[in-house]
Amino acid sequence: MILFENVTKKYRGTAKPALDGIDLSVDRGEFVFIVGASGSGKSSCLRLILREDQPSAGRIHVLGQDLSKISSRKVPYFRRNLGTVFQDFRLLTNKTVYDNVAFSLQVIGKSRGFIQEAVPDTLEMVGLAGKSKRFPHELSGGEQQRVAIARAIVNKPAILLADEPTGNLDPATSLGIMQLLRAINASGTTVVMATHEAAFVDIMQQRVVELSQGVVVRDEVGGGYGETASIPVADLSAEGVQVLRTTEAVVRAALSPADTAETEPAETVEAATAAEAHGPAASAPAASEPAGADEVLAALQDRVAQIVPPETEPQHEASVFEEPRPFGDEAADIDDETVRPGGPQDRRIPAFLDPDRPLDPVRMSETGSLAEHLGLRRKDDDQTDVGPVR
Ligand SMILES: Nc1ncnc2c1ncn2[C@@H]1O[C@H](COP(=O)(O)OP(=O)(O)OP(=O)(O)O)[C@@H](O)[C@H]1O
């Protein structure tokens, strides 16, 4: 689905390449974390997948397409198969929640009927059903990121690229976003996420690709955040440890790997948080906790101490709102040839957009039944997803 062959990216005026001979292959349906210290090349990697940039050497194939062979004119069509989420949300500040999500469908020529069904159902899926008329500045940071995610998935992309999606959010809000990304992945979407969030990487036990100075130094299934990528360890106060214990219980309940979830059904964040209301003992890790808990605890300690001073309130509001990057010249492509019989606009409304289907995507992702229920498992070949790209 994504293939890097000996890819090097050297920016003009720089001495060292940002990416130096990268080989990487991501299969359909994978959830891949890209980790590494600042400047290791994570964002460069995502930009190349998105064809925002071109490699200096090597080849990149995405969805069966050699990206070097896609003309600039066709890049916007190619990108319709990719959803993108960024640290800074990039919402349209002068549009409502509904219009932000609808806009991404309007620019690719979706019918009004499709938009009227797809947008509310997608907003419901991301937990924003009641906030469609709000403007971005009337939402918390986590809610804004949910809008950005809704916008990214409303057209059912094959791949979701997320560049530090929780970077501006407090840990509890970040957890909700991670649950959502996990549910989206369970529905069949390949997720590639660049992150510094050591705790989530450790607990989710997905594939981890670690970059160091533009080189892949680790590619591990079920890996943790790792040493090279780690942030410095900070001293923890007693209060900080308490915050940590609370957070660990919530994070573990919400993001523990699927095999754990089968024997021990995962709680939603709300349920876990409610349990904590009964006191620290209720939320403390169980005696039968799996091996490796100490490491997870240590990772959380580092993270929490870094980003949650115990005496401060969690920050929900982002301070900077940016206009999103233009979607190439998509606005000019409303009448493009993708609007054709049998094309994307003729697809039935996906099952997950059926308003009569109440579901809890997070819980269902834990049991593995989500994709089935949503009817979203992709059976078609990668290459058939690409539409008109030639
Ligand atoms: N447009 C650019 N022009 C010149 N150099 C760049 C450009 N973009 C990135 N770089 C350099 O390429 C290297 C990799 O940057 P990149 O943004 O990919 O790293 P990153 O791992 O995403 O970092 P961070 O975690 O801080 O976001 C860095 O040395 C950076 O300074």
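Read the figures in this text as sums done on the coordinates, not as results from a lab. Values in this document were obtained by computation on a predicted structure and should not be read as measured data. Virtual Cβ from ideal backbone geometry, glycine too; neighbours counted across all protein chains shown.
Numbers for the structure displayed
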read-out	value
Dmax and Rg, reported as Rg then Dmax, of region 72-191 (C-alpha, Å)	13.5, 41
Segment A129-E5, length gained on full extension (0.36 nm per residue, minus Cα span)	40.4 nm
Built amide H within the under 5 Å cut-off of R218, gap 5+	E210
Mean Cβ neighbour count within 10 Å, used as a protection proxy, ranking 170-176, 19-25 highest first	170-176, 19-25
3J(HN,Hα) from dihedral phi, region 209-219, Karplus parametrisation 6.51/-1.76/1.60, rounded to Hz, x for glycine, proline	10, 9, 9, 9, 6, x, 10, 6, 9, 7, 9
Extended-chain gain in nm, criterion 0.36 nm per residue less alpha-carbon gap, E117 and Q213	30.0 nm
